[in-house]
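Have a look at the structure below before the remarks.
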Amino acid sequence: MNNSASISRVALKKITPDVSAAMGSLHAAAVSAARDAKVEPELLELIRIRASQINGCAFCLDMHTKDARAAGETEQRVYALNAWRETPFFTGRERAALALTEAVTLVHDGQVPDAVYAEAAEVFDETQIAALIWAATVINAYNRIAIATRMAPGGYQPTPKN
C-alpha cells in the first residue's frame with residue numbers, strides 16, 4: 001500500500017540548501033569526469049535508468065527515460081533495459097557498464113565481484129571505470145533522496161536541444 005499522501009516530507013533544497021548544492025556539484029563533477037574520460041552521455045543515461053529501476057525510483061525513472069529518449073535512445077532499448085541480459089539490443093561495452101552499475105547498486109549483495117570488474121576493465125580504461133562508478137554512485141544517492149522525500153514523477157521535461 002502506498003501511503004505517500006499521508007505525511008508531508010521534508011523539502012531538502014529548502015531545509016539544507018548547502019548540502020543540496022554540494023550534491024549538485026558532485027553530480028556536475030561526475031558528469032565532467034565522464035565527459036573527460038570520453039564516456040558517452042547515452043551510456044550514462046542507461047546507467048541512471050538501470051539503477052533507478054533496481055531502486056524503484058519513479059521520479060528518476062521518469063526523468064532519465066525522458067532524457068534518454070530526447071537524446072535519441074530507442075523505446076525498444078528503454079523498455080528492454082530491465083532485461084538487458086536477455087536481449088541482443090546492447091553492445092558489449094554497454095553490458096559491461098550495466099553489470100558494473102548493478103553490482104554497485106546492489107553492493108550489499110556480494111559487493112562488486114571481481115568478474116564484473118574484470119569485464120568492465122576489458123572495455124574501459126581506469127578513468128572510464130572511475131567515471132562509471134561515480135555515475136552509479138550519484139544516481140543511487142539521488143534515488144534515495146527522491147524516494148525518501150517522495151518526489152512526484154511526471155512533471156519533468158528535458159531541456160530542448162538547440
Scan segment 150-161 for residues that are farther than 14 Å from Ala71 by Cβ and more than 18 Å from the chain's Cα centre (by Cα) and report the count.
1
Taking Glu73 and the conditions (1) open to solvent by 30 Å² or more (accessible area, probe 1.4 Å); (2) not basic (Lys, Arg); (3) not in a helix (DSSP H, G or I), which numbered condition does it fall short on, given that it satisfies the others?
(1)
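Go through segment 1-69 and tell me which helices (runs of 4 or more DSSP H), entirely inside it, have 1 or more residues that are in contact with a Phe, Trp or Tyr (Cβ under 7 Å, 6 or more places away or on another chain). Let's see the steps before the verdict.
Numbers: elements: 12-15, 17-36, 41-55.
Helices (runs of 4 or more DSSP H) meeting the threshold: 17-36.
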Between a residue in segment 33-55 that is in contact (Cβ under 8 Å) with a residue 60 or more places away in the chain and any residue that is of a type in the set (Ser, Thr, Tyr) and crowded, with 23+ Cβ neighbours inside 10 Å, which pairs come within a Cβ distance under 6 Å, given they are 6 or more apart or on different chains?
Ile47/Thr101; Ala51/Thr101
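Inspect segment 101-108 for any residue being out of contact with any Phe, Trp or Tyr (no Cβ under 9 Å at 6 or more places or on another chain), under 22 Å from Ala30 (Cα atoms) and without any contact (Cβ under 8 Å) to a residue 12 or more places away in the chain and give the result as yes or no.
Looking for residues that are out of contact with any Phe, Trp or Tyr (no Cβ under 9 Å at 6 or more places or on another chain), under 22 Å from Ala30 (Cα atoms) and without any contact (Cβ under 8 Å) to a residue 12 or more places away in the chain, one finds at least one in segment 101-108, hence yes.
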Right, Thr127: among the polar types (S, T, N, Q), within 14 Å of the chain's Cα centre (by Cα) and part of a helix (DSSP H, G or I) or not?
no
If you scan segment 78-94, which residues turn out to be touching a residue at least 24 places away in the same chain (Cβ under 8 Å) and open to solvent by 20 Å² or more (accessible area, probe 1.4 Å)?
Asn82, Gly92, Arg93, Glu94
With respect to the numbered conditions (1) modelled with pLDDT under 95; (2) among the hydroxyl-bearing types (Ser, Thr, Tyr); (3) under 15 Å from the mean Cα position of the chain (by Cα), which one is the sole condition not fulfilled by Thr65?
(1)
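The values are calculated or read from the model by the stated rules, or taken from the named source; none is laboratory data. In this text the structure is predicted, and so the values were computed from the model without any measurement. Neighbour counts run over all protein chains shown; Cβ positions are idealised from the backbone, glycine included. Heavy atoms of the whole protein, side chains included, go into the accessibility calculation; ligands, DNA and RNA do not. Shrake-Rupley method; radii C 1.70, N 1.55, O 1.52, S 1.80 Å.
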